[in-house]
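What follows is a set of notes on a single structure, which appears directly below.
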Amino acid sequence: MSGPKKKILVTGASGLLGLNFALHSCEAYEIVGVVNRNLLQELPFAIVQRDFFVPGTAAALVDEIRPDAILNCAAMANIDSCEQNPEDARWINGMVPGFFAEAAGKRSIPIVHISTDAVFDGQASGPNGYSETDPVRPINSYAESKALGERNVLSANPDAIVARVNFFGWSISGRRSLSEFFYTNLKAGRVVSGFTDVFFSPLYVRDLSRILVRLLESSERGVFHVFGAKTLSKYDFGVEIAKAFGFNPENVRPTSWRDSGLAAVRSPNLAMNIDRLTKFLDGNVPDPIAGVAGFRDDFKAGFPMKLWEYRWN
């Protein structure tokens, strides 16, 4: 007879990663998701509502829930919003992660904090991409706040894992990921821009969720790059989405991010070294192109529509 399920506290549980992780993990684990303003309903896991702008909330929450592990996905993730509200970004992305790491360390609880490839400037990656030990060079408020979060997490708790990630998938709003942007616009027959000068190595969120579970169960520590096995431009990614769904790939227009009118500068080449991940996964690192097929297959299975049912009306 099996014992009780391990309890995982998942912050940012209404976000793309937090919600997908919780849904994909709630059969094997007891999930307690934390949301702020975006309330959810009829979920197969527990939800609590907290405002992390209130000092002391993180430590009090860990004391209340008493989890066996913590996945911190809570973040201000919109780059341009962070540029317009840098102090809010500094608090949520930079300070709150350290509070959770400190609380986890005091209780010997494993914690994975979600960070980003955007902590690099994208100007100087070597032939194998940026490694975990390369110095960060943030170039906008979002990146600065996430780099601060990394430092605070590992300063408060050296046993914590800082997982740098880039991912795509279906969200509760239908518009939180690059994949959803391409899908929605291409389905409507609209011409969309794809940056030919911005490169990344994303993972499908379902693949990322499986890896994060393994990290929470592991003895790994420190910074950990969790990216896909292939680097591609955002233009090429849009073309792959078009082909997967049978849309016209010529409706993805090649363009430069410099001509986009975005408020914050972007890091152009975020190729990542994943040697550590490759060893951890025994060479079986998921490919983003295969992830696009998974994104399509989940659509065909009705997964986005199921997500939308969880929205609070």
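FYI, it's all coordinate maths here, none of it is from the lab. Given the structure is predicted, the values throughout are model-derived calculations rather than measurements. Note that each Cβ is placed from the backbone with ideal geometry, even for glycine, and that neighbours are counted across all protein chains shown.
For the pairs Lys6/Lys306; Lys187/Lys230; Lys187/Lys306; Lys106/Lys279; Lys230/Lys279; Lys187/Lys300, flag any whose C-alpha to C-alpha distance is greater than 22 Å.
Lys6/Lys306; Lys187/Lys230; Lys106/Lys279
Take every DSSP beta bridge whose two residues both sit in the chain, then give the antiparallel share in percent to the nearest 5.
Here the share of antiparallel DSSP bridges comes out near 10 percent.
I'd like the distance separating the alpha-carbon centroids of the stretch 94-142 and the stretch 161-177, in whole Å.
Each part's Cα centre sits 16 Å from the other's.
Among Pro86, Gly283, Gly98, whose Cα sits farthest toward the positive end of the charge dipole of the chain (+1 at Cβ of Lys/Arg, -1 at Cβ of Asp/Glu, about the Cα centre)?
Result: Gly283, furthest along the dipole toward the positive end.
What order, most packed first, do the peptides 240-246, 37-43, 24-30, 99-105 have when packing is the mean number of other Cβ atoms within 10 Å of each residue?
99-105, 240-246, 24-30, 37-43
Any idea what the relative contact order of the stretch 7-310 is, in percent, if you count C-alpha pairs under 8 Å spaced at least 6 apart?
Once normalised by length, the contact order is 20 percent.
What order do you get for 173-183, 49-59 when each peptide is scored by the mean count of other beta carbon atoms within 10 Å, highest first?
173-183, 49-59
At 20 angstrom or more along the helix axis (alpha-carbon based) and mean Kyte-Doolittle of 1.6 or higher, what helices does the chain contain? Whole DSSP H runs only.
Counting only whole DSSP H runs, no helix qualifies.
Using amide H atoms built in the peptide plane, which far-off residues or other-chain residues are under 5 Å from Gly222 H to H?
Hits under the 5 Å cutoff: Ala160, Ile161, Val162.
At a Cα cut-off below 15 Å, give the aspartates and glutamates reachable from Lys7, other chains included and same-chain residues fewer than 8 away excluded.
Glu27, Glu30, Asp63, Glu64, Asp68, Glu217
Which of the peptides 61-70, 222-231 is most tightly packed, and how do the rest follow, going by the mean number of other Cβ atoms within 10 Å of each residue?
222-231, 61-70
If you put +1 on each Lys and Arg Cβ and -1 on each Asp and Glu Cβ, how big is the dipole of the stretch 7-310 around its Cα centre, in Debye rounded to 20?
It comes to approximately 340 debye.
Tell me the label only: which of (i) -0.47, -0.57, -0.86, -0.95; (ii) -0.33, -0.43, -0.79, -0.94; (iii) -0.60, -0.65, -0.78, -0.84 is log10 I(q)/I(0) by the Debye sum over Cα atoms at q = 0.08, 0.09, 0.12, 0.13 Å⁻¹ as calculated from this structure?
Structure-derived value, by its label: (ii).
Which FRET efficiency, nearest 0.05, do Asp80 and Glu250 yield, Cβ-Cβ r, R0 35 Å?
Calculated transfer efficiency: 0.80.
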